[in-house]
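Chemist: Sending over a structure as structure tokens; questions will come in a sec.
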Amino acid sequence: MKVLITGGAGFIGSHTADALIERGDDVILLDNLSKPVHLKGIPTYLHPKAKLIIGDVRDPKIFLETLKSVDAVIHLAAYQDYLPDFSTFFSVNAVGTALLYELIVANRLPIKRVVVASSQSVNGEGLYRCEIHGLVAPSSRPVEQLERGDWPMRCPECGREAAWQWTPESFSHPENQYALSKESQEKMALSFGRKYAIPSVALRYSIVQGPRQSFYNAYSGACRIFALHYYFKKAPTIYEDGLMQRDFVNYRDVVKANLLALDDERMIGQQFNVGGGKPYTVKEFDRIVAKISGCEDIEPSIPGVFRFGDTRNSCSDITKLRGMGWEPSGTVQESVSEYVEWLRGQADIGGIFEFAEKNMRSLNVIRDANAD
Ligand SMILES: NC(=O)c1ccc[n+]([C@@H]2O[C@H](COP(=O)([O-])OP(=O)(O)OC[C@H]3O[C@@H](n4cnc5c(N)ncnc54)[C@H](O)[C@@H]3O)[C@@H](O)[C@H]2O)c1
């Protein structure tokens, strides 16, 4: 099979390419090497057998040329950031996906499968349980609440503290520009796919971890921030009280899900959560990174700052994908170990760890709570 991976020079795309080539597929990568993800140009980790085409998924000419020569598409190209340039999210993520389907339909291309990367962010805060009102779907916490240092999610009916739930695919509540654009990608994949008989699958990844995650992307994961701090023997800052829960997923399990979605007929026309199946608090996660980095003696700083727009808890129910025979098997310890090893192998990383934080401070994304 010949597979096009859009965004294939990135973190998940390059690992997916390796796995496809390993099993004998031909792979084309369409990637515009966007900054700041690729500040240093073509990444050196790309598989020599993967054919890289440098181009934009919003460019109909180059997109059509690459689509003409493939049997299937894994559509990963995306704009991910905290920046308030709302239109860029829709231009890259939504318009890019619309163009993908438009070109397939207009040119009657015999594409056998399209796998579209969605994101756990479409859940927003996800589902919670209130002891009085049962299942509730709170919106993000008001900034006034966060400024008081009042971190928990509260029932929208009565204000009591509510308990997070594993959130299934049937739920969505996107609340920011990225999540809205990812939900639109997911909906297009399922609607256009069904309407025009283009077998499509949408995968809602949780926070994915592993080597090759760009150091420069401001949409930064805790893995990168903590690992970079410990690399420089500095204490990282943990936001809020550090008790936020996340179901981090290992990149190998995401690659496994991508390949399954390419192959398994039963998945067509549906979306699936791809999560780690196990919740970790950010504090617990910090200790894992510290231990692997050999820095257990460095305590993180928890000064009560918060990142504007962060969800309190993000944990996806993976029952549906498990029903397809998929099971997360990579551990958080493994993905962090591989990441730290990769980080140590980089040359010229002095100064980059301040890059994202400075960026976010200048954007007023990280804010102080006024709690005493
Ligand atoms: N990494 C995660 O934790 C995570 C979680 C949920 C969803 N996702 C989704 O998974 C996909 C892959 O993410 P990733 O972590 O590998 O990110 P990444 O930034 O490493 O890779 C994305 C790639 O897309 C390319 N790209 C961006 N705009 C483009 C354009 N207009 N045309 C062509 N290429 C373009 C970038 O150059 C980059 O190589 C994205 O769709 C993302 O939204 C990722």
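The values are calculated or read from the model by the stated rules, or taken from the named source; none is laboratory data. From a predicted model like this one, the values you see are computed outputs, not experimental measurements. Cβ: placed from backbone, ideal geometry, glycine included. Neighbour counts: every protein chain shown.
Chemist: What are the residue pairs meeting all of these: first residue in the stretch 76-104, first residue without any contact (Cβ under 8 Å) to a residue 24 or more places away in the chain and of a type in the set (Ser, Thr, Tyr), second residue outside any helix (DSSP H, G or I) and within 9 Å of the ligand (Cβ to nearest atom), Cβ atoms under 7 Å, and 6 or more apart or on different chains?
Modeler: 88/79
Chemist: Looking at (1) within 14 Å of the ligand (Cβ to nearest atom); (2) buried (at least 16 other Cβ atoms within 10 Å of the Cβ), which one does residue 101 not meet, given that it meets all the others?
Modeler: Going through (1) within 14 Å of the ligand (Cβ to nearest atom); (2) buried (at least 16 other Cβ atoms within 10 Å of the Cβ) one by one, residue 101 breaks only (1).
Chemist: Would you please name the residue that is surrounded by the most Cβ atoms within 10 Å (Cβ to Cβ), looking only at residues in the stretch 104-120 that are touching a strand residue (DSSP E or B) at 6+ places or on another chain (Cβ under 7 Å) and β-branched (Val, Ile, Thr)?
Modeler: Taking the candidates together, the pick is 116.
Chemist: Take the stretch 54-91 and flag every residue that is within 13 Å of the ligand (Cβ to nearest atom), within 21 Å of residue 121 (Cβ to Cβ), outside any helix (DSSP H, G or I) and of a type in the set (A, V, I, L, M, F, W, C).
Modeler: Matches in the stretch 54-91: 57, 74, 76, 77, 78.
Chemist: Related question: Identify the residue in the stretch 15-28 that is part of a helix (DSSP H, G or I) and of a type in the set (D, E, K, R) and, among all such residues, is farthest from the ligand (Cβ to nearest atom).
Modeler: Across the stretch 15-28, the extreme among qualifying residues is 22.
Chemist: While we're looking at this one, here's another question. Give me a count of the residues in the stretch 258-282 that are surrounded by 16 or more Cβ atoms within 10 Å (Cβ to Cβ) and not aliphatic (A, V, I, L, M).
Modeler: The qualifying residues number 11.
Chemist: Right, here's the next one. Just to be sure, is residue 12 in contact with a Lys or Arg (Cβ under 6 Å, 6 or more places away or on another chain), hydrophobic (A, V, I, L, M, F, W, C) and within 13 Å of the ligand (Cβ to nearest atom)?
Modeler: No, not satisfied.
Chemist: Test residue 31 against the criterion of being crowded, with 18+ Cβ neighbours inside 10 Å and of a type in the set (Asp, Glu), and give yes or no.
Modeler: Answer is yes for this residue.
Chemist: I'd like the residue in the stretch 34-59 that is β-branched (Val, Ile, Thr) and buried (at least 19 other Cβ atoms within 10 Å of the Cβ) and, out of all such residues, is nearest to residue 262 (Cα to Cα).
Modeler: 57
Chemist: Taking interchain pairs and intrachain pairs at least six residues apart, which have beta carbon atoms under 8 angstrom, with the first residue in the stretch 174-189 and acidic (Asp, Glu) and the second assigned to a helix (DSSP H, G or I) and crowded, with 22+ Cβ neighbours inside 10 Å?
Modeler: 183/122; 186/122
Chemist: Same structure again: Would you check which residues across the stretch 257-303 are under 22 Å from residue 111 (Cβ atoms) and in a helix (DSSP H, G or I) and list them?
Modeler: Across the stretch 257-303, the qualifying residues are 257, 258, 259, 260, 261, 262, 263, 265, 266, 267.
Chemist: Please give the number of the condition residue 35 fails out of (1) at pLDDT 95 or above; (2) part of a loop (DSSP other than H, G, I, E, B).
Modeler: (1)
Chemist: It is to be established whether one or more residues within the stretch 151-163 are assigned to a loop (DSSP other than H, G, I, E, B), free of Cβ contacts under 8 Å to residues at least 60 places away in the same chain and surrounded by 21 or more Cβ atoms within 10 Å (Cβ to Cβ).
Modeler: Looking for residues that are assigned to a loop (DSSP other than H, G, I, E, B), free of Cβ contacts under 8 Å to residues at least 60 places away in the same chain and surrounded by 21 or more Cβ atoms within 10 Å (Cβ to Cβ), one finds at least one in the stretch 151-163, hence yes.
Chemist: Next up: I'd like to check something: does the stretch 4-26 contain any residue that is aromatic (Phe, Trp, Tyr), surrounded by 17 or more Cβ atoms within 10 Å (Cβ to Cβ) and either within 18 Å of the chain's Cα centre (by Cα) or under 19 Å from residue 252 (Cα atoms) (or both)?
Modeler: Yes, the stretch 4-26 contains at least one residue that is aromatic (Phe, Trp, Tyr), surrounded by 17 or more Cβ atoms within 10 Å (Cβ to Cβ) and either within 18 Å of the chain's Cα centre (by Cα) or under 19 Å from residue 252 (Cα atoms) (or both).
Chemist: Taking the residues in the stretch 220-237 that are farther than 25 Å from residue 47 by Cα and assigned to a loop (DSSP other than H, G, I, E, B) as candidates, determine which candidate is farthest from the ligand (Cβ to nearest atom).
Modeler: Restricting to residues being farther than 25 Å from residue 47 by Cα and assigned to a loop (DSSP other than H, G, I, E, B), the top hit is 233.
Chemist: Residue 99 - would you say it is in a helix (DSSP H, G or I), within 28 Å of residue 194 (Cβ to Cβ) and not small (Gly, Ala, Ser)?
Modeler: Against the criterion (in a helix (DSSP H, G or I), within 28 Å of residue 194 (Cβ to Cβ) and not small (Gly, Ala, Ser)), residue 99 qualifies.
Chemist: Considering the stretch 104-127 alone, what residues qualify as being within 15 Å of the ligand (Cβ to nearest atom) and more than 20 Å from residue 263 (Cα to Cα)?
Modeler: Hits for the stretch 104-127 are 119, 120, 121, 122, 123, 124, 126.
Chemist: Okay, moving on. Test residue 31 against the criterion of being near the ligand (Cβ under 10 Å from one of its atoms) and within 21 Å of the chain's Cα centre (by Cα), and give yes or no.
Modeler: yes
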